[in-house]
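The structure appears right after this line, and notes come after that.
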Amino acid sequence: MTDPNWHPPANDPDRPRYGENLPGAQPGTPPVGPGYGYTPAPPPGWTPPPKPGLIPLRPLGFGSLLGAPFQVLRRNPKATFGSALLVQGVTVLVTLLIVGVVTFFALGRIDAAPVEDQEAVEAGAIVAIVLSALVPIALSIVASALLQGVIVLEVSRATLGEKLRLGALWRQVGRRVWPLVGWTLLLSAALLVGILLVAGVVFACVLLGGAWIGLAVFLGVIGVLALIAAGAWVGTKTAVVPSLIVLERSRIWAAVRRSWSLTGGFFWRTLGVLLLIALIVGVVSQVVTTPLTLLFGAATALIDPNASFEAYIPAGVLYLLTILISLVISAVTAVVQSAAVALIYIDLRMRKEGLDLDLQRFVEAAPGSGAADPYLVAATATGGTKPGADDGPRPDPGAPWA
């Protein structure tokens with residue numbers, strides 16, 4: 001609304017004309033400053049990249065990589081901790097049911113078997129118990145692969161400020177669960193082959209006896225150290241394979257090759273983050289569970305073996321409490337470690353492929369604009385990197401997060 005008391009300024013001979021109040025300005029340039037209708041914009045300054053969700057959209061510092069995995073639990077606990085607790089609980093329940101029932105009937109058969117058939121029945125019972133243990137092991141592999149995919153997807157969407165429900169996460173990851181299972185089986189098989197190889201060499205030396213015993217001890221120590229070193233190396237170089245399988249929909253071997261490339265130049269940084277996360281959650285787990293375990297042992301030792309059933313109830317309750325707390329700790333550990341792997345993947349792509357720019361464009365795009373998934377990469381002959389992407393580490397001079 002126009003002010004009725006306002007009047008246009010009178011012609012003032014002292015009022016500068018267009019262009020006269022700017023040094024070196026060309027004639028016809030409007031005067032600037034208060035009262036002239038135009039004020040120059042302040043010089044552009046540095047503004048931090050946006051943080052729409054879990055992390056800022058820029059390469060992450062070492063502290064952010066250590067702290068952000070724990071924020072995943074707090075940001076969306078129903079989808080993350082709920083998934084982990086459900087997976088861990090079902091695995092434990094199935095293990096107790098299948099192995100417990102089979103063991104109960106197998107021991108019953110041993111007790112009821114005649115003396116002459118005792119050895120055969122014992123051998124059959126042992127085989128039955130071992131075979132029954134394979135079922136929960138297979139279930140555990142599938143469940144852990146599913147959980148890892150769920151956490152990877154949750155971290156990727158949380159980075160964009162999105163929060164998916166548990167059902168939505170499971171539906172999307174369900175399409176990629178079998179490649180994840182295949183990768184888990186491949187890693188487990190490689191570890192098993194390494195252990196059997198070392199054990200076989202040591203056992204062969206022991207059978208020879210004599211001076212070979214000392215060689216067996218030496219080879220056993222060297223073999224164990226070699227297995228640890230090889231496991232750390234391969235595990236670090238292939239750490240982001242699950243993220244590639246879920247987010248980039250890669251096949252197993254393509255994901256292995258791409259993970260090998262992404263971690264190039266960042267091996268020690270990746271290994272350090274993984275080791276520190278494992279150390280933190282391991283220490284916390286021991287601090288929580290060790291007192292309960294000691295209390296259970298003390299309570300069991302103080303109970304009179306000839307006492308009534310009611311005397312064992314406190315120890316049983318304490319044992320059940322220990323199992324429940326261990327289950328919760330295991331769920332938290334699984335979420336944090338899987339989230340750390342997903343964040344390492346995002347950070348590596350930010351540093352080597354400029355993923356942070358793609359994420360910023362996606363966040364700034366209008367809702368419903370149909371923007372492409374920023375985590376997908378175009379397939380190229382060089383193994384999946386973007387056309388024109390630099391294969392070396394992204395330069396980051398002077399940045400506070402380097």
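Among the residues making up the range 342-370, those that are of a type in the set (A, V, I, L, M, F, W, C), modelled with pLDDT under 90 and within 24 Å of G149 (Cα to Cα) are L355, L359, F362, V363. Checking the stated criteria, V177 turns out to be surrounded by 19 or more Cβ atoms within 10 Å (Cβ to Cβ), under 26 Å from F70 (Cβ atoms) and more than 15 Å from the chain's Cα centre (by Cα).
Is at least one residue of the range 158-173 part of a helix (DSSP H, G or I), in contact with a helix residue (DSSP H, G or I) (Cβ under 8 Å, 6 or more places away or on another chain) and closer than 30 Å to G100 by Cα? Yes, because at least one residue in the range 158-173 is part of a helix (DSSP H, G or I), in contact with a helix residue (DSSP H, G or I) (Cβ under 8 Å, 6 or more places away or on another chain) and closer than 30 Å to G100 by Cα. Here V121 clears all of (1) out of contact with any Phe, Trp or Tyr (no Cβ under 9 Å at 6 or more places or on another chain); (2) at pLDDT 80 or above; (3) of a type outside the set (D, E, K, R); (4) outside any loop (DSSP other than H, G, I, E, B) except the condition numbered (2). A single member of V193, V198, V202 is in contact (Cβ under 8 Å) with a residue 24 or more places away in the chain and either in a helix (DSSP H, G or I) or not hydroxyl-bearing (S, T, Y) (or both), and it is V198. Within the range 180-202, the set of residues being of a type outside the set (A, V, I, L, M) and surrounded by 12 or more Cβ atoms within 10 Å (Cβ to Cβ) comprises G182, W183, T184, S188, G194.
In the range 246-270, the residues that are among the β-branched types (V, I, T) form Cβ pairs under 8 Å with partners that are part of a loop (DSSP other than H, G, I, E, B) and at pLDDT 90 or above, at six or more places apart or across chains, as follows: V256/T238; T263/A239; T263/V240; T270/A239; T270/T263. For S144, are the conditions met, namely being closer than 23 Å to S330 by Cα, in a helix (DSSP H, G or I), among the polar types (S, T, N, Q) and touching a residue at least 60 places away in the same chain (Cβ under 8 Å)? Yes: the conditions hold for S144.
Looking at this structure, is P400 modelled with pLDDT of 60 or more, assigned to a loop (DSSP other than H, G, I, E, B), loosely packed, with under 13 Cβ neighbours inside 10 Å and at negative phi? Taking the combined requirement at face value, the residue does not satisfy it.
The values are calculated or read from the model by the stated rules, or taken from the named source; none is laboratory data. This is a predicted model, so every value here is computed, not measured. Using ideal geometry, Cβ is built from the backbone for each residue, glycine included, and neighbour counts are taken over all protein chains shown.
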